[in-house]
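Below is one structure, written out as structure tokens, with a few remarks after it.
The values are calculated or read from the model by the stated rules, or taken from the named source; none is laboratory data. This one's a predicted model, so the numbers in the text were calculated from it and none came from an experiment. Here the Cβ is made from the backbone with ideal geometry for all residues, glycine too, and neighbour counts use every protein chain on show. The protein model used for the area step is the full one, side chains on, heavy atoms only, and it has no ligands, DNA or RNA in it. Shrake-Rupley method; radii C 1.70, N 1.55, O 1.52, S 1.80 Å.
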Amino acid sequence: MPDLAASGGHRRRWIVAVVLTVALAAVVTGLVIRHSNKDRLAAGATRSGGYSISDGEVDTSADLVVPNAQIDVRVEIGQRGQQEDSDDGSDGTIRAPKGGLLVDLSWTSTGAPRRTQGKQPTRLSIRSAGRTVVVDADLRPKPASSDDDGGPEKVVALPGRPSDVELVAEFAGRTQTVRLIGGRRTMGSFASLYPPAGSGSLSALPIDQHQPKDPDSPFSWSGRADRGTVLRTPYVSGLGWAPAGREWVVVLGAGYDIDTHDPVTWSAGKGYAEYSTSGTPRAVTTVNGHAPRKTLGAEQVRTVSNRRYVSRDYVFSVVRGAGFTVDTVVRATTRRTGGDAHAPKTATMVLSTSSAYPPAVDPTVGGAR
């Protein structure tokens, strides 16, 4: 008869061997899996500091324009990152998520904003395949400098392919995007900040009246109306974004300058008389004949030698992209202060300037607003 005890012992030893083999295989498999995932970042993870990107590298750059700055971003895309100051590759190496990629970004925001553009920060993000990661939530412009070190740098792990990666800039609640591969832009409210190449100056030559309309008039004026500097913009600090289908026209420094000693003179034959202003000259600036939506700040007054310079800043609303005309008209009542008694006792000086601005070329033709 077979030895049942011996047979049972062999069976138990076989079962133990099988269990040990399976356990060892599980341990080895776990070690292999852990090794394969070593240094692999999860989608959405970030790392700060300088990294060199390799394995399928894409090297590109992009720029975005917001009302108070230009943002320039340098980008490298790949599968593996090596920390540039690491002596030990195992410590300084990171890898992309499975089926994803690593994006290394460095960025700068430059500009010297006018006070009408405000100090609103930009929120800079990068996104791919439905995942968005904020890289700078409070990006503010700095004056351009040759000493700039290229700005902060960050590596972001994302799902998807290089063709999926987009930069997103959010300013005052509105966004624009640029796709890194191909460069397609969705500019939205920011479109008018991107003037088409070769568009040149938008202003026409001004038509000025700095002397009486009648060339035979005995009066002569010593003054000038000033239309100031004119800007189109979708955003103004304190007013925010222009209403749908419209944009802001900002007129900076509109006003006049006059001779404070003899602003008006009269000459007829051998007769001569001098006049000085009676009261304060009144300046009115309009766009397409309409009053400003808002007056910015106080009137600016300065005197240089015998000339008095007065100016003010305004904001107007126009149809987006439409042409418009800026007019500044100054009226000053003057009284005779000396000279020929036959000259009129009072005279009105009227100074004006008018400039027509053509429609703006839409930079989104062939692209996306």
ask   = Would you say ARG335 is in the same structural domain as ASP259 (by the TED database) and closer than 27 Å to SER267 by Cα?
value = yes
ask   = Going through segment 113-172 one residue at a time, which ones are part of a strand (DSSP E or B) and without any contact (Cβ under 8 Å) to a residue 40 or more places away in the chain?
value = SER128, THR132, VAL134, ASP136, ALA137, ASP138, LYS142
task = Working only within segment 160-184, note down all residues that are touching a helix residue (DSSP H, G or I) at 6+ places or on another chain (Cβ under 9 Å) and open to solvent by 40 Å² or more (accessible area, probe 1.4 Å).
result = ARG174, THR175, ARG179, ILE181, GLY182
request  = Within segment 306-314, identify whether any single residue is touching a residue at least 12 places away in the same chain (Cβ under 8 Å) and exposed (fewer than 14 other Cβ atoms within 10 Å of the Cβ), and answer yes or no.
outcome  = yes
key: Close pairs (6 angstrom Cβ cut-off, 6 or more residues apart or separate chains): in contact (Cβ under 8 Å) with a residue 40 or more places away in the chain and surrounded by 11 or more Cβ atoms within 10 Å (Cβ to Cβ) in segment 279-290, among the small types (Gly, Ala, Ser) and not in a loop (DSSP other than H, G, I, E, B) anywhere   = PRO281/ALA332; ALA283/GLY255; THR285/ALA254
request  = State all residues of segment 206-238 that are open to solvent by 50 Å² or more (accessible area, probe 1.4 Å), assigned to a loop (DSSP other than H, G, I, E, B) and under 22 Å from LEU296 (Cα atoms); if no residue qualifies, say none.
outcome  = ARG227, GLY238
remark   = Flagged in segment 238-268 as at pLDDT 95 or above and not hydrophobic (A, V, I, L, M, F, W, C), in numbering order, are GLY240, PRO243, ARG246, GLU247, GLY253, GLY255, TYR256, ASP257, ASP259, PRO263, THR265, SER267
request  = Tell me, please, whether a residue that is loosely packed, with under 11 Cβ neighbours inside 10 Å, within 24 Å of HIS210 (Cα to Cα) and of a type outside the set (Gly, Ala, Ser) can be found in segment 246-254.
outcome  = no
